[in-house]
Amino acid sequence: MNKEIDLLGDVFERSVSNWPDKLAMKKGDTIYTYRQLKEEVVKLKNYLLELGLQKGDKFAVMGENSPEWAVGYLAIVRAGLVVVPVDRMSQDAEIIHILTRSESKGIIVSESYADKINELKGEIKNIKHIIPMADINKISAKKDIEVKDIDPKGLAVLIFTSGTTGASKAVMLSHYNIMCNMKSVERFIEITEKDTLCSIIPMHHTFEGTAGFLFPLFRGAAIYYPPSLKPTDILATMKESNVSCLIAVPLLFEKFVGALYRKVGSASLTKKIMFNAISGIGSVAPFLRKPLFARIRKEMGLGNLRIACAGGAALTEKVAKALQLLAVPILQGYGLTESSPVLSVSPLEKPKVKSVGVPIPDVEIKIDEPDENGIGEIIARGPNIMLGYYKNKQATDEVLKNGWLYTGDLGYMDDEGYVYITGRKKSLIVTQTGKNIQPEEIEAKLIKSEWIKEVLVIPRIDQETKKEQICALIFPDYERLEQHSQEKGVDMSELDVENIYKEIVREVNEQLPIYKKVTELEIRDEEFPKTSTQKIKRHLFVDRGVRV
């Protein structure tokens with residue numbers, strides 16, 4: 001099939017033509033070949049149109065990652081409708097907001113959330129149709145209804161952001177936006193019909209939607225879905241699929257590195273070599289790394305892994321270096337929902353640990369109004385940039401200017417075109433003397449400590465002096481503290497724990513100019529609240545000044 005694919009509903013057509021009986025998707029006993037996937041999508045597309053839905057109507061999909069979720073999404077866009085992916089973990093008020101604001105005529109929902117939607121439908125007057133995912137394979141349509149004149153540059157997907165800075169906005173993406181993004185990625189990353197993926201990031205998220213769902217189908221790969229997100233289920237699915245391409249948020253890779261360290265520690269391998277290499281004291285030649293850790297990777301279902309891609313949040317330098325040492329071919333990507341989402345990817349042949357890579361083909365990135373250090377707002381343009389925010393001209397005009405997307409991220413580019421992110425424009429702390437402090441810079445130094453699990457640096461007003469303080473909110477690695485306590489054979493008091501973190505802060509402060517020094521420390525008992533891609537919701541601590 002040589003016809004150019006320009007509509008999301010046709011994304012699998014090349015694969016159906018080339019490999020009709022090849023596995024496309026699998027979850028438990030549910031298996032779809034490419035031929036079967038198309039049949040199910042066409043059938044559901046016809047059913048949706050028989051309901052009387054018109055081109056451009058909105059229709060939502062919500063549930064756990066599954067082949068049925070994929071069929072629902074693809075059938076909606078193939079029918080010429082607009083798909084509205086909903087985060088299944090959203091609170092009731094947010095679900096009502098998304099479904100009402102989007103004017104969705106109906107929703108395809110998994111069994112786990114069907115009761116919730118039925119309970120809420122009284123408050124969502126525009127919802128006329130509720131289709132259980134479990135019934136998709138039982139649905140029949142009377143005839144095949146041809147959909148004509150779908151505009152590739154017309155609205156296809158309406159995605160409500162659940163970011164770190166507060167109220168969600170509805171991002172409008174066209175078929176053209178997402179298809180161009182995939183075709184650019186295709187020229188940069190080689191995924192073939194021989195590859196297998198394990199879907200872990202929620203499918204409503206744009207990173208997974210483009211990179212972990214649509215792109216593999218476009219390339220003829222196979223996608224496996226774990227029965228749940230329990231580590232044992234993910235591990236079993238990776239082993240079953242013999243996963244060759246793993247796309248995940250940094251948190252998963254952090255856990256992966258931790259598990260590998262524990263396995264290496266209990267094996268007959270030289271643990272000292274690994275840790276010395278990570279800290280820069282020693283090194284292991286790249287060609288020796290793969291065989292050195294091959295058995296351990298195989299035990300974790302990663303023996304066939306050839307590409308690992310981290311996205312959705314920042315990958316720490318500590319984890320990136322550890323993955324490199326362990327011969328895991330890690331790619332870092334950068335992008336936003338507003339860019340469909342990929343803007344840059346680190347080249348496998350020449351990665352830079354601290355960088356999020358170089359712009360992908362057809363995407364242009366530059367730094368707006370750089371300061372004396374070359375740091376400014378990252379802006380981008382290309383065919384993947386969104387149409388705008390749904391019914392929100394003011395918000396659209398704030399970020400789309402003369403064809404450029406103003407990302408709100410601060411960063412710089414080196415002489416070779418690699419992009420580096422230093423922080424968020426909205427999280428920038430400006431001192432009384434006019435100095436700019438990027439909290440992410442301080443956080444990056446603190447998180448290097450083995451004793452710290454999570455950290456957030458925020459401004460806080462001293463109630464007595466009324467001066468702004470730099471406060472570090474730290475969630476300790478309590479497992480590491482307990483291990484340390486057992487090794488010493490003593491119980492650690494609260495004062496002992498506090499002194500550990502005071503010393504860490506003191507050491508970091510020695511590396512900072514006086515106006516950036518952390519002046520207040522708070523130790524947390526619980527993890528920070530996060531988005532679905534595990535980004536800390538900074539606005540809960542900065543905007544409102546509350547402790548959660």
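Readers should treat all values here as calculations from the given coordinates under stated rules, not as data from a laboratory. Computed from a prediction, not measured in an experiment: that's the story for all the values here. In this analysis, Cβ positions are derived from the backbone assuming ideal geometry, glycine residues included, and neighbour counts consider all displayed protein chains.
Within region 428-542, DSSP assigns beta bridges of which about 75% are antiparallel (rounded to the nearest 5). When each of Lys318, Lys116 is scored by the number of other beta-carbon atoms lying within 10 Å, the sequence from fewest to most is Lys116, Lys318. Using a Förster distance of 51 Å, how high is the FRET efficiency between Arg524 and Lys148, based on the Cβ-Cβ distance and rounded to 0.05? That gives a FRET efficiency of 0.35. For the chain, the share of DSSP beta bridges that are antiparallel, to the nearest 5, is 60%.
Using a Förster distance of 25 angstrom, determine the FRET efficiency expected from the C-beta separation of Asn436 and Ile461, and round it to 0.05. The formula returns an efficiency of 0.85 here.
On full extension of the chain, what length is gained from Asn126 through Lys401, given 0.36 nm per residue of separation minus the C-alpha to C-alpha distance?
95.6 nm is the gain from fully extending Asn126 to Lys401.
Within region 8-150, what percent of beta bridges assigned by DSSP are antiparallel, to the nearest 5? Approximately 20 percent, going by the DSSP bridge assignments. For the chain, the relative contact order comes to 11 percent (Cα pairs under 8 Å, sequence separation of at least 6). For region 1-83, GluC sites (Glu not before Pro) are listed when DSSP marks them as loop and at most 16 other Cβ atoms sit within 10 Å of their Cβ; the list is Glu4.
Can you give the charge dipole size of the chain about its Cα centre, rounded to the nearest 20 debye, using +1 on the beta carbon of Lys and Arg and -1 on the beta carbon of Asp and Glu?
Magnitude of the dipole: close to 980 debye.
Going from the fewest other Cβ atoms within 10 Å to the most, the residues Arg460, Arg506 appear in the order Arg506, Arg460. The residues Val490, Val319, when put in order of fewest to most other Cβ atoms within 10 Å, stand as Val490, Val319.
When you restrict to C-alpha pairs under 8 Å that are six or more residues apart and normalise by the size of region 8-150, the relative contact order lands at 25 percent. Pairs exceeding 24 Å between alpha-carbon atoms, taken from Lys426/Lys537; Lys488/Lys516; Lys58/Lys426; Lys354/Lys502; Lys393/Lys426: Lys488/Lys516; Lys58/Lys426; Lys354/Lys502. Taking every C-alpha pair closer than 8 Å and separated by at least 6 residues, the mean separation divided by the residue count of region 141-241 gives a relative contact order of 20 percent. Rounded if a/c is under 1.5, else prolate if a/b is larger than b/c, else oblate: which is region 135-200, with a ≥ b ≥ c the root eigenvalues of its Cα gyration tensor? Note, shape of region 135-200 comes out rounded. Loop only by DSSP, 16 or fewer other Cβ within 10 Å of the Cβ. Give me the trypsin sites (Lys or Arg not before Pro) in region 27-99 that pass, ordered by residue number. Listed in order of number, the matching sites are Lys55.
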